[in-house]
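The values are calculated or read from the model by the stated rules, or taken from the named source; none is laboratory data. Quantities reported herein were computed from a predicted structural model and do not represent experimental measurements. Using ideal geometry, Cβ is built from the backbone for each residue, glycine included, and neighbour counts are taken over all protein chains shown.
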RNA sequence: GCGGGCGUGGUGAAAUUGGUAGACACGCCAGAUUUAGGAUCUGGUGCCGUAAGGUGUGUGGGUUCGAGUCCCUCCGCCCGCACCA
């Protein structure tokens, strides 16, 4: 029997399992290497060929590093809380734990077929209490900590209360929610109180009052905030879970709503999250996405007095205080709190109408394309801090309430939006740039030279900028300021299938509950209560088990996935999330493989939690993933048939335009080389049972095709199980790697798999005859065979080191082709060859390793080293160019130096023929590479 | 609009530091051998041309003895952000 992959793969799969081949433990003697796949959500649909792509790539590296002598941590587990299981539960009444369990079993079955070297004894599931106990623990620590900006790290709230008790909050420089704090201060000490407060005031507060002030400092805090409410899912969503005004999962509309929610003060870490990007080896595009999302801008916060409103001011953030002389009006967000106080009676109705108009506009409409500038004058004026000139105050929805102070100083000559606004409403555009025509638009060039700008005139903007910040601060109406686009993350979900909070309420004050673990209770339905409380409120007894009530929200999906890579290091620890000695040993993930779609979600949140845990000293590093590779999507190739409209007749591709036809997706299982199996098609679906066909000249029905996303509805899904059944796991592994560079999106083409399968079959022929008898000899290999071997080792090693997975397969193919041609069956060559095959085709590699007399498992076979000596050829073949065009090849002994080669080539009759009497002007000899004669 | 990435045969692609463009495969063509087979083997295959030869890495230019690779221009595609002050 030719290459009996089924027998081979079954045999070794079983062997690995019995021997616990992939079990690893800490070993101080060995250097560690940590290879991780992005946490999979076990969906019910199972895997298609696109899913294992990254898993195969990471497995290849895991095996390669292990053979190189590293102690390799390569775990796998499940991000098993989440919306789909719960949506299914709502529809069917089945407990999400049951469907999740079923999906995991199916997932595991498919993964096991592919020969991955996972240490399954380290499997984790976010939905198991042993795991989420530590997710809750991290939440509790975030609740108990704030961010000390002076120390630039997290610090216990207890140190803050101690400070308050002695000094009040005057000198406290902690990250704080200004709105939450002001609100709390006003509730406690009455309207208009703005702080700071003294130690006496603090000490006089009751516990509830203190708790509400402290809440503003916690890293995990409760606050009323505008959130993304998704009515269809019945929950709030984080900003990264909303795409274009619709929910990422399900595509349901999302509206803004004010709700009391748990929040995460990720903004405290904004700068470190930005800085950290420089220390990690990720793709530039993902880093850029994160930089955008964090959105750091530096400038100044300027204060404008309001005419006829003594003591009232408008704060404005600007990155360009150097253009201050060009500011001639202010624009507030329509929701800005000052609007109602300053609007004049004459403008009152117009302003109210505009506010109503913009409030009714959904987030989606606001984002939808060009609508032109809209806005409304308030009737009020601010005073220019330098000239004292009155500046009209407008409101407009191009100013966002949520960014900066919700107000801008408009510099129409220097900002395009301000320019457009001024144009739209007939406002002046005072020129402040030398030689710039303000009719054409705003000038945003930082090298422009200022004019009409007092002492700044005549200098470049980039020079004035720091001076402007300094001078405006010295004048007392501005402070230097850094602003971030990043918002704190909503951490509550009004859902059942997630981590319950370790929180109960006592007199309305949230309290940690840590003397026993809060477990997810059973409920009678996975729906909100009649009062609109989340599903957990349905759990009678549980819901009031402590204090007045328990926290009814659950944590979002990203909670469990933000730290899972740590748990793999110490998965069964019941005293801590991960023992420090183990995280010190395994350290950062050395290679993280997964999709690029988590740029602003998982990949940002896990960096945030890692930094926090590092601040606590729980772990000793503050970036989770040192290097990351994002695999591209594998696209499907769909097939189409063409039905004559209103009939049951199908026309072949070539003749589809002769009549009016409809293009229909047809199952790719019924199509081979674009030719439709018409009988199978008739049997496919009842309505096609009596289909008629108009064929092409060859008497075949040819289908059309197109590359698109793989999906069930397009009937173009290729599933790994079928391919493993037909070709074996080793073939599938090699083929997925062979398709092209990992990062690139590429179409799947099942036809191509035969080439890779043929390569593995050809490889077995080096080791065994068609009956499976061992034909490996102890003969001394030829120098050609040795050269082939060492060339292959070199290429495979170098390519794996630069993560060029696809070219390795080609190198192995070339090796097999050459060894076959050389009829090489020598152990000295074939044993190391089996070793380098190991990462790609582990089952077959084990088999041929044993044929070649290898000892033990190929998994632990030392990675062979290539010997430069064996690569040397006695003759070198030079392409000879004349004026850059190759004319002939020249064989010379390898030991010749450039001068000698030059002599040989000049003596060659072909050279004189090419020169045709001309004198060579220049001769370039690149040793071992090329000869170029100019003349 | 801004930022990031990318354009190479019929297809997936290779060419790592500027040195024979198209390796390795798929597909296709021809042949062999068998044959119900989606089997196997050999040869060919960028394009134009019978050939010699010419030409060729999105377009146009530049640097260089030599450019897919470096620089400039334009065109096209993909991804991200998008009133972020």
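What to note about this one:
- Search result, residues across segment A:271-297 that are more than 9 Å from RNA strand B (Cβ to nearest atom) and assigned to a strand (DSSP E or B): A:281
- Residues satisfying the stated conditions in segment A:288-312, i.e. without any contact (Cβ under 8 Å) to a residue 12 or more places away in the chain and within 17 Å of residue A:407 (Cα to Cα): none
- Which numbered condition residue A:713 fails, given (1) exposed (fewer than 15 other Cβ atoms within 10 Å of the Cβ); (2) within 13 Å of RNA strand B (Cβ to nearest atom); (3) more than 25 Å from residue A:831 (Cα to Cα): (2)
- Boolean, residue A:626 is within 30 Å of residue A:71 (Cα to Cα), crowded, with 16+ Cβ neighbours inside 10 Å and modelled with pLDDT under 90: no
- Single condition residue A:903 does not satisfy, out of (1) within 16 Å of RNA strand B (Cβ to nearest atom); (2) part of a helix (DSSP H, G or I); (3) surrounded by fewer than 15 Cβ atoms within 10 Å (Cβ to Cβ): (1)
- Residues located in segment A:575-605, provided they are in a loop (DSSP other than H, G, I, E, B), in contact with a helix residue (DSSP H, G or I) (Cβ under 7 Å, 6 or more places away or on another chain) and modelled with pLDDT of 95 or more: A:577, A:578
- With respect to the conditions (1) in contact (Cβ under 8 Å) with a residue 40 or more places away in the chain; (2) more than 15 Å from RNA strand B (Cβ to nearest atom); (3) closer than 30 Å to residue A:340 by Cα, residue A:260 lacks only one, and its number is (1).
- Close pairs (9 angstrom Cβ cut-off, 6 or more residues apart or separate chains): farther than 16 Å from residue A:486 by Cα and touching a residue at least 60 places away in the same chain (Cβ under 8 Å) in segment A:268-287, away from RNA strand B (no atom under 15 Å from the Cβ) and assigned to a helix (DSSP H, G or I) anywhere: A:280/A:607
- Of all residues assigned to segment A:180-190, at least one qualifies as being under 36 Å from the mean Cα position of the chain (by Cα) and either assigned to a loop (DSSP other than H, G, I, E, B) or closer than 27 Å to residue A:403 by Cα (or both).
- Only a single criterion out of (1) within 16 Å of RNA strand B (Cβ to nearest atom); (2) surrounded by fewer than 17 Cβ atoms within 10 Å (Cβ to Cβ); (3) under 20 Å from residue A:794 (Cβ atoms) is not satisfied by residue A:866, namely (2).
- Subset of segment A:80-103 that is under 23 Å from residue A:241 (Cα atoms), touching a strand residue (DSSP E or B) at 6+ places or on another chain (Cβ under 9 Å) and not in a loop (DSSP other than H, G, I, E, B) - its residue that is modelled with the highest pLDDT: A:100
- Tally of residues being within 16 Å of RNA strand B (Cβ to nearest atom) and part of a helix (DSSP H, G or I) across segment A:1-44: 2
- When residues in segment A:388-417 are screened for being within 11 Å of RNA strand B (Cβ to nearest atom), over 18 Å from residue A:355 (Cβ atoms) and in contact with a helix residue (DSSP H, G or I) (Cβ under 9 Å, 6 or more places away or on another chain), 5 of them pass.
- Scanning segment A:723-738 for residues that are near RNA strand B (Cβ under 9 Å from one of its atoms) and out of contact with any helix residue (DSSP H, G or I) (no Cβ under 7 Å at 6 or more places or on another chain) yields one hit, A:726.
- Residue A:874, sole failed condition from (1) touching a strand residue (DSSP E or B) at 6+ places or on another chain (Cβ under 7 Å); (2) under 29 Å from residue A:794 (Cα atoms); (3) within 13 Å of RNA strand B (Cβ to nearest atom): (3)
- Scanning segment A:677-712 for residues that are closer than 27 Å to residue A:633 by Cα, outside any loop (DSSP other than H, G, I, E, B) and touching a strand residue (DSSP E or B) at 6+ places or on another chain (Cβ under 7 Å) gives A:704, A:705, A:706, A:707, A:708.
- Answer residue from segment A:45-57, given it is touching a helix residue (DSSP H, G or I) at 6+ places or on another chain (Cβ under 8 Å) and not in a loop (DSSP other than H, G, I, E, B) and is farthest from RNA strand B (Cβ to nearest atom) among those: A:55
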